[in-house]
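Each value in this text was obtained by applying a stated rule to the coordinates, not by laboratory testing. Quick caveat, the model's predicted, so the values are computed rather than measured. Backbone-built Cβ (ideal geometry, glycine too); neighbour counts: all protein chains shown.
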Amino acid sequence: MGQSKELVLGIETSCDDTSVALVNEKGLVIAEKTITQHNIHAAFGGVFPELASRAHLHALKPALIEVLEKSKIDGKKLLAIGVTRGPGLIGSLLTGINYAAGLSIGWNVPLYGINHLRGHIRSVDLEEQRLETPAIILLVSGGHTLLAYHKNKNEIELLGSTIDDSVGEVYDKVARMMGLGFPGGPIIDKLAKQGEAIIQFPRPLLKDAYRFSFSGLKSAVARYIDSTPQAKQEDICASFVEACLEVLFIKSCRALTAYKPKSFAIVGGVAASMQVREKAQHIAQKYNVNLCLPPLKWSTDNGAMIALATWDYIHNNWQQKHNVETRLHIQEM
Ligand code: KG4
Ligand code: ZN
């Protein structure tokens, strides 16, 4: 068994991916295993929370064993364990937290409860250090849509978030309406590339500086699908994506103008979108900022970003909890 004092184990179970990873201080991923539940939730066109918790329970042990075997690491020699403590689906979170607490007690290794959103933000520094502060962060996932100002290494100020649906959630719901499968984001992203944005969907809350709203856009797409059965799916997707991206990037540009940051980072599952990545390149050039995108593999939920975020908690001594009572302490991002 190798010496592993310099490694952190990250565990992510906040939604429908069970992911375990070993990461060093520089963000190098030594080993990782992600088990998705897409086949379980596909029948429902969205995540079924109770089934998600049960699936995490089954997947955690094989994922962990694979990571330990691949890396030949003795769990007792880890520096720390970091587990997502929220936000997320409560049953899924508790499954991961309890499993991590068991490992922490069994191995006598400190346990840290990690903010999932901080994990996404840290995903841009996996494999390679990319982010330079000050930075504007656009976080676009299935659970969240927000803009934040990353002032310095530790301070992150929320500028605005969605007042209803998140952008990823709306991608998934539009895909469900069109019978495209789950998760819908990657399918919509691909179809949108083949269509023309000829349908004028609304751009909700465009005048509000940094807050977002996507539920009205979702309803507008639903009405259009019902009333126009002859419409091409590719064109609906292209028009829907154009509306989403216009809102996301107009507000991002507002923040880039106001804060003049060094970097612009886009994180969360929707950052895996090729359309998002292409548009972001143009904006970064225009505003002369360093564009920071996580490697594709680390855009969606993963244990590696949680492990890297854990290093911040260790360095700042934010929350070192070994016991069950205190492990859910809230440490804001
Ligand atoms: O960050 P994530 O894995 O989970 C949450 O924290 O919510 O994000 C999942 C979301 C889903 O809505 C999924 O459809 C979307 O990210 N997504 C994509 C792509 N890959 C995943 N959306 C657009 N294009 C993609 N390639
Ligand atoms: Zn996430």
Rounded to the nearest 10 degrees, the helix 233-259 long axis (Cα) sits at an angle to the longest Cα principal axis of the chain of 70
Antiparallel bridge percentage (DSSP; both residues within the chain; nearest 5)
55
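Looking at the square roots a ≥ b ≥ c of the eigenvalues of the Cα gyration tensor of segment 21-168, which shape do they give, rounded for a/c under 1.5, prolate if a/b is larger than b/c, or oblate? Each step should come with its number before you reach the end.
Working: a/c = 1.90, a/b = 1.15, b/c = 1.65.
Taking the square roots of the gyration eigenvalues as a ≥ b ≥ c, segment 21-168 is oblate.
Taking GluC sites (Glu not before Pro) that fall in a DSSP loop and have at most 11 other Cβ atoms within 10 Å as cut points, what is the longest piece of the chain between them?
Values: sites that count: 128, 155, 325, 332.
Value returned for the longest uninterrupted segment is 156-324.
Just order 213-226, 299-312 by mean Cβ neighbour count inside 10 Å, highest at the front, would you?
Working: 213-226: 16.9, 299-312: 28.9.
Descending mean neighbour count gives 299-312, 213-226.
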Apply the Debye scattering formula to segment 202-284, with a single equal point scatterer on each alpha-carbon and no solvent, then give log10 I(q)/I(0) at q = 0.13, 0.14 Å⁻¹.
-0.48, -0.55
What lysines could a cross-link reach from residue 26, if we take a straight Cα to Cα line under 28 Å and drop same-chain neighbours fewer than 8 places away?
5, 61, 70, 72, 76, 77, 151, 153, 260, 262, 297, 321
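Relative to the Cα centre, what is the charge dipole magnitude of the chain, using +1 at the beta carbon of each Lys and Arg, -1 at the beta carbon of each Asp and Glu, and rounding to the nearest 20 debye? Spell out each step's value before the answer.
Working: 35 positive and 33 negative charges, 87 e Å.
In total the dipole reaches around 420 debye.
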With Cα coordinates, the longest principal axis of the chain makes an angle with the long axis of helix 215-227, in degrees rounded to 10, of 50
Candidates 40, 121, 198, ranked by Gaussian network fluctuation over the chain, Cα under 10 Å, top entry:
198
Dipole of the chain, positive end: most advanced residue of 174, 310, 131 [Cβ charges, Cα centre]
131
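Give the Kirkwood hydrodynamic radius (Å, one decimal) of the chain, defined as one over the mean of 1/r across all pairs of different Cα atoms. The partial results should precede the final answer.
Numbers: mean 1/r = 0.0493 Å⁻¹.
The Cα-based Kirkwood calculation yields 20.3 Å.
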Helix 90-107 vs. the chain, principal-axis angle (Cα, 0 to 90°, nearest 10):
20
